[in-house]
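Here's the structure we're looking at; comments come further down.
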Amino acid sequence: MKASEINIRDPYVLEYDKKYYLYGTRGPTTWGLADGFDCYISSDLENWDGPVEIFHNNGDFWADRNYWAPECHHYKGEFYLFATFNSEKRHMGTQILKSASPAGPFEIHSDGPVTPRDQECLDGTLYIDSKGTPHMVFSGSFKENHKGEMFVQELTADLREAIGEPRLLFLAADAPWTVPFPKGTEVFGIEEEIYFSDGPYLYKTKSGKLLMLWSSFGEGGYSLGIASSDNDEIDGSWIHDEKPLVTDGGHGMIFESSGGAPVLALDYPNEHLCERSLFFELIEENDRLLLRK
């Protein structure tokens with residue numbers, strides 16, 4: 001099948017052993033009950049085999065809804081799936097699963113979510129700093145955090161637990177291109193304006209500049225923006241681009257093609273059951289990422 005035939009949100013591509021593995025949120029179950037994740041496999045980014053179910057809740061798992069944004073990271077010889085889960089009885093959060101293969105099956109690795117248990121959190125992504133220390137960057141849910149908080153949390157070397165307390169990186173409300181969540185005050189019955197952040201992904205340019213792709217709402221709808229760390233480390237101050245890179249699509253990440261070029265993957269359009277994965281080749285220009293025309 002073609003990527004245009006696969007209805008997923010939040011695409012994540014892992015290139016491993018000359019194959020591409022595509023993961024994402026199942027389109028039909030995005031906003032309700034859910035029970036698993038799939039991956040699709042390709043050798044050329046054009047033709048995909050699958051879906052291959054890589055995780056299934058057989059009834060023993062705590063979460064039964066909002067299975068979002070699975071990311072597969074190859075770390076110390078194993079494959080780790082960072083994914084968001086939710087239930088009516090517990091807070092939404094990112095839990096880590098593990099497998100010996102990028103095509104699964106994935107088993108529970110962390111003891112519940114590694115995001116704060118007393119907060120609604122989503123979209124955890126793995127980042128390894130210059131010292132080799134693993135971190136998870138994640139968003140606070142707009143249901144509780146109305147300024148679009150983005151956090152970082154140190155993890156143990158085995159990725160089983162969080163260490164210490166999360167640290168605030170930035171607020172979506174402070175970026176020059178964001179606007180409040182459309183009709184947020186009406187939908188959630190909250191008087192103040194609600195800003196939204198999701199889909200963080202960390203990327204180092206060839207010169208070592210640390211960038212973060214992340215999504216929010218802008219004048220053009222759901223959009224993908226870029227921020228840069230002023231010291232090229234995760235603990236730096238984050239400077240936002242004036243305009244988003246992409247509009248009416250988001251939750252982007254970057255992988256390397258077989259030819260060595262950086263490729264942006266994101267979902268588009270932001271319309272339920274219409275979302276598909278799009279791939280754009282990128283170019284680096286003065287530590288900035290631009291879509292190749």
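The values are calculated or read from the model by the stated rules, or taken from the named source; none is laboratory data. Nothing here was measured: the structure is a model prediction, and the numbers come from that model. As a convention, Cβ positions derive from the backbone with ideal geometry for all residues, glycine included, and neighbour counts pool all protein chains shown.
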Any chance region 150-159 includes a residue that's within 14 Å of the chain's Cα centre (by Cα) and modelled with pLDDT under 95? no
Name the residues in region 140-159 that are in a loop (DSSP other than H, G, I, E, B) and touching a helix residue (DSSP H, G or I) at 6+ places or on another chain (Cβ under 6 Å), would you? Gly148
So which strands (runs of 3 or more DSSP E) are wholly in region 23-139 and hold at least 1 residues that are among the aromatic types (Phe, Trp, Tyr), crowded, with 18+ Cβ neighbours inside 10 Å and touching a Phe, Trp or Tyr at 6+ places or on another chain (Cβ under 7 Å)? 36-42, 49-56, 65-75, 78-86
Any residue at all in region 184-195 that's under 30 Å from Ser130 (Cβ atoms) and within 19 Å of the chain's Cα centre (by Cα)? no
Just checking, how many residues over region 202-227 are among the polar types (S, T, N, Q), under 16 Å from Ile283 (Cα atoms) and not in a loop (DSSP other than H, G, I, E, B)? 0
Do we find that Leu278 is of a type in the set (A, V, I, L, M), in contact (Cβ under 8 Å) with a residue 60 or more places away in the chain, over 26 Å from Glu144 (Cα atoms) and part of a strand (DSSP E or B) in this structure? yes
Selection within region 164-179 - more than 17 Å from the chain's Cα centre (by Cα), surrounded by 18 or more Cβ atoms within 10 Å (Cβ to Cβ) and not aliphatic (A, V, I, L, M): Pro166, Trp177, Thr178
Would you confirm, using the coordinates I've provided, whether Leu266 is part of a strand (DSSP E or B), touching a Gly at 6+ places or on another chain (Cβ under 6 Å), crowded, with 16+ Cβ neighbours inside 10 Å and of a type outside the set (D, E, K, R)? yes
